[in-house]
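Undergrad: What follows is a structure written as structure tokens; I'll ask about it next.
The values are calculated or read from the model by the stated rules, or taken from the named source; none is laboratory data. Predicted model only: the values in this text are computed from it and were never measured. For neighbour counting, all protein chains shown are included, and Cβ atoms are generated from backbone atoms with ideal geometry for every residue, glycine included.
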Amino acid sequence: MQPNSTLDTARRHLSRIDPAALTHARDRLAESGIARLGFLLPHRVKRMLAAEALTLVDHHRQWDESRENAEGGEPAARQRIDIGSQEVRGGAQAIPLLYDCEPLRHMLSVVADESVLPHPVARRYGVSRRHHSDDPGRWHWDDYAFAFILVVECPPLQDGGFVQTVAHTRRDWDHSDIYRTLTRNPIRSWELNPGDLYLIRADTTLHRVHPFAHGRRTILSMAFASRADIEREQSSSTRRCGFTQRASGYDEYDTVIT
């Protein structure tokens with residue numbers, strides 16, 4: 001399946017989404033901070049995205065092994081893999097195309113009940129793989145409002161690896177008060193399977209992946225912003241620009257939005 005064909009298939013599918021399914025997902029996101037959205041994309045599109053994600057992981061792993069062999073070192077123990085946007089753009093086609101798909105963002109906006117906007121910086125999408133022997137995932141909030149996740153691989157439920165969330169929490173930027181948040185709010189757990197899609201309100205939903213005993217977990221993640229995120233980014237850019245100007249000898253604090 002070619003990338004442009006994948007995008008066309010996604011667009012056709014999105015044009016036929018049942019509004020009742022979107023309403024149900026919107027209610028779930030508002031209630032629990034997470035919504036399963038497997039219905040948003042057809043299986044053939046999810047298979048294409050998963051294939052690209054796995055190819056990226058394999059290439060990344062082979063490159064690491066080649067580098068170790070060239071340096072004459074001992075093979076490193078299997079480690080977590082994180083592939084950023086630049087590497088994804090260089091090795092995948094369908095993933096960047098789908099990220100920029102306006103009908104998909106519109107559907108996500110309906111579920112979120114607010115505008116879901118492209119991430120303002122370079123970390124728009126990524127692929128990650130965790131092994132059971134890696135350090136367990138920590139409780140955290142994301143820097144931007146929305147994370148849209150495709151589960152590519154995951155262990156069976158009996159081994160762990162499920163998602164846990166605490167909704168409607170206040171983001172603690174230095175993560176110094178996470179334990180207090182955990183003890184004063186209900187924790188919910190979510191069973192997910194390969195091929196599942198979910199949207200999480202990642203800036204106000206404390207979340208983690210539960211440790212798992214065997215196997216590995218591979219995901220494709222797409223980060224999106226809210227209008228508040230964009231305004232915060234613009235305000236931060238303004239302050240940085242103003243401070244730079246003053247340091248260069250300007251008397252006025254000129255407002256410049258980049």
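Undergrad: Where in the stretch 43-110 are there helices (runs of 4 or more DSSP H), lying wholly inside it, with at least 1 residues that are of a type in the set (Phe, Trp, Tyr), modelled with pLDDT of 95 or more and touching a strand residue (DSSP E or B) at 6+ places or on another chain (Cβ under 9 Å)?
TA: Details: elements: 43-71, 85-91, 94-99.
Passing ranges, in order: 94-99.
Undergrad: Give the residues of the stretch 89-98 that are surrounded by fewer than 21 Cβ atoms within 10 Å (Cβ to Cβ) and within 14 Å of the chain's Cα centre (by Cα), sorted by residue number.
TA: Matches in the stretch 89-98: 96 only.
Undergrad: Failed condition for residue 200, given (1) among the β-branched types (Val, Ile, Thr); (2) closer than 24 Å to residue 47 by Cα; (3) in contact with a Lys or Arg (Cβ under 8 Å, 6 or more places away or on another chain), with all others met?
TA: (3)
Undergrad: If we scan the stretch 180-188, do we find a residue that is assigned to a strand (DSSP E or B) and either closer than 20 Å to residue 128 by Cβ or not small (Gly, Ala, Ser) (or both)?
TA: Yes, the stretch 180-188 contains a residue that is assigned to a strand (DSSP E or B) and either closer than 20 Å to residue 128 by Cβ or not small (Gly, Ala, Ser) (or both).
Undergrad: Another question about this same structure. For residues that are under 21 Å from residue 142 (Cα atoms) and among the aliphatic types (A, V, I, L, M), scanning just the stretch 26-54, find the one that is surrounded by the fewest Cβ atoms within 10 Å (Cβ to Cβ).
TA: Across the stretch 26-54, the extreme among qualifying residues is 30.
Undergrad: Right, next: Let me spell it out: the conditions are (1) over 23 Å from residue 38 (Cβ atoms); (2) at pLDDT 95 or above; (3) surrounded by 14 or more Cβ atoms within 10 Å (Cβ to Cβ), and residue 186 meets all of them except one. Which number is the exception?
TA: Of everything listed in (1) over 23 Å from residue 38 (Cβ atoms); (2) at pLDDT 95 or above; (3) surrounded by 14 or more Cβ atoms within 10 Å (Cβ to Cβ), residue 186 misses just condition (3).
Per-residue answers, yes or no, for (1) of a type in the set (Lys, Arg); (2) in a loop (DSSP other than H, G, I, E, B); (3) within 14 Å of the chain's Cα centre (by Cα); (4) surrounded by fewer than 19 Cβ atoms within 10 Å (Cβ to Cβ):
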{"position": "115", "(1), (2), (3), (4)": "no, yes, no, yes"}
{"position": "123", "(1), (2), (3), (4)": "yes, yes, yes, yes"}
{"position": "127", "(1), (2), (3), (4)": "no, no, yes, no"}
{"position": "133", "(1), (2), (3), (4)": "no, yes, no, yes"}
{"position": "138", "(1), (2), (3), (4)": "yes, yes, no, yes"}
{"position": "144", "(1), (2), (3), (4)": "no, yes, yes, no"}
{"position": "148", "(1), (2), (3), (4)": "no, no, yes, no"}
{"position": "152", "(1), (2), (3), (4)": "no, no, yes, no"}
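Undergrad: Pull out all pairs, ordered by first then second residue, where Cβ-Cβ is under 8 Å, the residues are six or more apart or on different chains, the first lies in the stretch 33-52 and is of a type in the set (Val, Ile, Thr), and the second is assigned to a helix (DSSP H, G or I) and at pLDDT 95 or above.
TA: What qualifies is 34/28; 45/9; 45/10; 45/13; 45/94; 45/98.
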